[in-house]
Structure formats: structure tokens, C-alpha cells
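Heads up: the structure comes next, in C-alpha cells.
The values are calculated or read from the model by the stated rules, or taken from the named source; none is laboratory data. Every value quoted in this text rests on a predicted model; they were computed, and no experiment measured them. Cβ: placed from backbone, ideal geometry, glycine included. Neighbour counts: every protein chain shown.
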Amino acid sequence: MNRREMFLTAGVTALAASTFPANWVAGADGKKQKVLYFTRNVGFYHPVVQRKGDALSHSERALIDMGQRIGIEVECTKDGRVFDRDLDQYDAIAFYTNNDLTVPGEQGEPPMSLAGKQRLLDAVAGGKGFVAFHSSCACWRTPGPMVANSTELDPYIAMIGGEFIAHGPQQEATMRVASPNFPGMNGLGDSFKLLEEWYALKNFADDLHVILVQETAGMKGDCYQRPPYPSTWARRHGQGRVFVTSMAHRENVWMEEPFQQIVLGGLAWALGNVDADVTANINTVTPRARELRG
């Protein structure tokens, strides 16, 4: 196995509870937890996950740093063959990916096998946590603007609960807090503004628990000329916990609040360290989310 194919692992020493960030909740059993961070991109390669030589990417370093602060181990890889191996060692799996991960890409990174994809889906349905950043909602996309039946969706898209359409220019936009009691939302108030690359999304699952809402009023770009829609959410997939955020494009976002506290809250919930009410609220907080034009 060459160096490009090797897993890059950050082993950490459990930190004292008093040093944990305020928005982190550790596992009740005290066991060191382990997260697999998979960042293979096919086609357009997002700069925040692009490596230079054998050096880790910006987001890999950032997530490892968060892991060191909270006493968890973060293992980073772009090798799709990991899903044909032992997934039981991971307490959660995080994705920053795009397009069809089972096909070869220009970077020469080994693709995921079809069997490996199914093993991922089965692992999450069986109880493993899953966290999806930004373009992870652009994997195995559905042709056309919408679908009439959820059975037409790729099972991966059905698992995460929403799908990328397009994005306009990077701009400051408002995130409305729809679930203030969800982990990581404390102190954010009713809303906050952030400069980011915002995604227009479709094919939302009926059972989404919307955490943050994309407020579209005043946004520049045709794809945003529509009613508000979910931007960050949680849902249960079988026995698993799925947390999705469309944020995470810009390098500075990874290093700043409120993004880090949102990630820590979502990760704590996905790992099962803390419970939260994730009753479906999409039809209440974003009742026109499926309308693509205003």
C-alpha cells in the first residue's frame, strides 16, 4: 500500500472532562470513541478537502483538532476500500464527498465498491452515527428537479434526507434556528448570519427534524428565489442517527464559531452521547420547502 492509500489517523489521549468544549457531551461509558472521516471527491474537488502531497487537507486537520479537544480519535481516508473492511471499529462515519463514489476519479483514489456502499447503508441503519458535510448531499444525484416518489431516490440520498441542486455566489445569509434545544444550538439566538457557499436543496425526507433554516429573502442567485428550506437537520435512519449540514465550504468557517459548536453538537448526538427530540418538523418550520420557485 503506498502512502496516498494509507489511512491518516490521529490518536488522541482522553482529555479531562473539565477541558471539554462547552458544547460537547462525552459518551456515558467513558470509552474513547472513533470517527471515520471520508473525503473522496469525484469530479470537482473541494479545496477544503484537497490534500497537497501527503499532507492532510484543511478540514481533515480541523476535524482532528476538534477530536483532540474532546478526546475522540478521528481517522481520515480517501480510500473507498475502507467500506469493505471492518466498520465495527467506528462509532460514527463522517462524509465530505461528492458525485458517484463507486467510479474512478482523476485523483486515482480507490473507489467505493457497490458492496461497500451497501455495507455503509447497513451500518448506519444498524445503529452507527453518520455526519454529512456540504457536498455529501451531491452524491448519487437524482436527474431532474424533483421526484414524485421517495422510492426513486438513491438509497444514500434517502438516508441523508436531502439532495443538492445548485449553488449561487458566496454571500452572507441568515440561518434561522428552528430547533434551539438541539445540541450545539445554545447561545445562537433566533438566527445568525454567515458568509458561506450556500446550497439549494431538494428531495427532503418527510421525517426531517430541521435544525437550521436557509432564509432566502434578499439572497442573490436564481436558485435561492424560493421559500425558506432546511439547511441543517437530523433524522433517524433505522437505528442510526444522521446529522447533515450544507455548511462547510469555506476554510475560515471550519475554524470559527458558530460552525464548530454546531458540529460538536451534531456529532455528540450522532454518536449517541446525548439525546434530543428529533420529531419531524419540516412541514411546520419550512412548510413550502419543496417549492423551487418563490
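Taking the stated definitions as given, is Ile93 at negative phi, under 16 Å from the mean Cα position of the chain (by Cα) and at pLDDT 95 or above?
When the stated conditions are applied, Ile93 passes them.
Conditions tested, residue by residue: (1) over 14 Å from Val263 (Cβ atoms); (2) small (Gly, Ala, Ser); (3) at pLDDT 95 or above.
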residue	(1), (2), (3)
Arg4	yes, no, no
Thr13	yes, no, no
Asn23	no, no, no
His46	yes, no, yes
Val49	yes, no, yes
Glu60	no, no, yes
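Just a yes or no: is a residue in segment 188-206 small (Gly, Ala, Ser), buried (at least 23 other Cβ atoms within 10 Å of the Cβ) and within 21 Å of His249 (Cα to Cα)?
The answer is no, given that none of the residues of segment 188-206 is small (Gly, Ala, Ser), buried (at least 23 other Cβ atoms within 10 Å of the Cβ) and within 21 Å of His249 (Cα to Cα).
Mind counting the residues in segment 46-85 that are in contact with a helix residue (DSSP H, G or I) (Cβ under 6 Å, 6 or more places away or on another chain), part of a helix (DSSP H, G or I) and closer than 19 Å to Pro104 by Cα?
Result for segment 46-85: 3.
For (1) assigned to a helix (DSSP H, G or I); (2) over 25 Å from Glu172 (Cβ atoms), each residue gets a yes or a no:
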| site | (1), (2) |
| --- | --- |
| Arg236 | no, yes |
| Val242 | no, yes |
| Trp254 | yes, no |
| Arg293 | no, no |
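If a residue has to be in contact with a Leu (Cβ under 9 Å, 6 or more places away or on another chain) and either surrounded by 19 or more Cβ atoms within 10 Å (Cβ to Cβ) or under 17 Å from Val242 (Cα atoms) (or both) to count, how many in segment 143-157 make the cut?
Within segment 143-157, residues that are in contact with a Leu (Cβ under 9 Å, 6 or more places away or on another chain) and either surrounded by 19 or more Cβ atoms within 10 Å (Cβ to Cβ) or under 17 Å from Val242 (Cα atoms) (or both) number 2.
Being touching a strand residue (DSSP E or B) at 6+ places or on another chain (Cβ under 7 Å), outside any helix (DSSP H, G or I) and of a type outside the set (A, V, I, L, M) is the filter here, so list the residues in segment 134-170 that pass it.
Scanning segment 134-170 gives Cys139, Arg141, Thr142, Pro145, Gly161, Gly162, Glu163, Phe164, His167, Gln170.
How many residues are farther than 21 Å from Glu163 by Cα and assigned to a strand (DSSP E or B) if we restrict to segment 180-206?
Number satisfying all stated conditions: 5.
Just give me the residues in segment 237-269 being more than 25 Å from Gln50 (Cβ to Cβ), buried (at least 21 other Cβ atoms within 10 Å of the Cβ) and among the small types (Gly, Ala, Ser), in sequence order.
Answer for segment 237-269, where residues must be more than 25 Å from Gln50 (Cβ to Cβ), buried (at least 21 other Cβ atoms within 10 Å of the Cβ) and among the small types (Gly, Ala, Ser): Gly240, Gly265, Ala268.
Could you check Arg176 against (1) outside any strand (DSSP E or B); (2) under 19 Å from the mean Cα position of the chain (by Cα); (3) under 23 Å from Glu257 (Cα atoms) and say which number it fails?
Every listed condition holds for Arg176 apart from (1).
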